[in-house]
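Q: First the structure, then my questions, so here it is.
The values are calculated or read from the model by the stated rules, or taken from the named source; none is laboratory data. These numbers were taken from a predicted model, which means no experiment stands behind them. Cβ placement follows ideal geometry from the backbone for every residue including glycine, while neighbour counts extend to all protein chains displayed.
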Amino acid sequence: MTALAVRVDTTSPVPPYEQIRAQLAALILTSRLAEGERLPTVRQLAADLGLAPGTVARAYRELEAAELIRTRRGAGSRVAAPPAEAQHPDPDQLATLARDFTSAARALGAGNEAILTAVQKALN
């Protein structure tokens, strides 16, 4: 497993579980976390971030509900295969990705200009 670049801003109005979910979703959807790659355990990530395990567990549950990860008792949580429909996202999917990216970027302290610059660079 690669070291995760997940950070939580406790002063943000975005709940910590949502910050974690958005950042991990962005890492998965941009293939920075590959299919089959193992995520840290709930307890390990919670300890690393200084959060309660329930906070990380909620983020993992939401990622699993979105079919971005799969969890098996004894095998841990792993990045799931990308859904086939991801090849042709609809506008609602794109809006969700944009919100996820924006949430993750804001959790890192980025403002509107920095976010727009990052998107423009990614498109080029």
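Q: Considering only the range 57-106, how many residues are loosely packed, with under 13 Cβ neighbours inside 10 Å, among the acidic types (Asp, Glu) and at pLDDT below 90?
A: Total meeting the criteria: 3.
Q: Next question. Quick check: is even one residue across the range 81-98 assigned to a helix (DSSP H, G or I) and in contact with a Lys or Arg (Cβ under 7 Å, 6 or more places away or on another chain)?
A: Among the residues of the range 81-98, not one is assigned to a helix (DSSP H, G or I) and in contact with a Lys or Arg (Cβ under 7 Å, 6 or more places away or on another chain), which makes the answer no.
Q: Could you give me the residue pairs with C-beta distances under 6 Å whose first residue belongs to the range 64-76 and is more than 13 Å from Ala25 (Cα to Cα) and free of Cβ contacts under 8 Å to residues at least 12 places away in the same chain, whose second residue is of a type outside the set (A, V, I, L, M, F, W, C) and not in a strand (DSSP E or B) wherever it lies, and which are 6+ apart or on separate chains?
A: Hits for this filter: Thr71/Glu64.
Q: Please tell me if Ala114 is assigned to a helix (DSSP H, G or I), surrounded by 15 or more Cβ atoms within 10 Å (Cβ to Cβ) and touching a helix residue (DSSP H, G or I) at 6+ places or on another chain (Cβ under 8 Å).
A: For Ala114, the condition - assigned to a helix (DSSP H, G or I), surrounded by 15 or more Cβ atoms within 10 Å (Cβ to Cβ) and touching a helix residue (DSSP H, G or I) at 6+ places or on another chain (Cβ under 8 Å) - is not met.
Q: A follow-up question, please. Scan the range 5-32 for residues that are in contact with a Leu (Cβ under 7 Å, 6 or more places away or on another chain) and of a type outside the set (Lys, Arg) and jot them down.
A: Val6, Val8, Pro16, Leu24, Ala25, Leu27, Ile28, Leu29
Q: Are there any pairs, at least 6 apart or on different chains, whose C-beta atoms fall under 7 Å, with the first in the range 44-58 and over 18 Å from Ala22 (Cβ atoms) and the second among the β-branched types (Val, Ile, Thr) and crowded, with 18+ Cβ neighbours inside 10 Å, and if so, which?
A: Pairs that qualify, where the first residue is over 18 Å from Ala22 (Cβ atoms) and the partner is among the β-branched types (Val, Ile, Thr) and crowded, with 18+ Cβ neighbours inside 10 Å, are Pro53/Val42.
Q: If I ask for residues that are small (Gly, Ala, Ser) and either exposed (fewer than 14 other Cβ atoms within 10 Å of the Cβ) or under 13 Å from the mean Cα position of the chain (by Cα) (or both), which ones from the range 37-56 would you list?
A: Within the range 37-56, Ala47, Gly50, Ala52, Gly54 meet the criteria.
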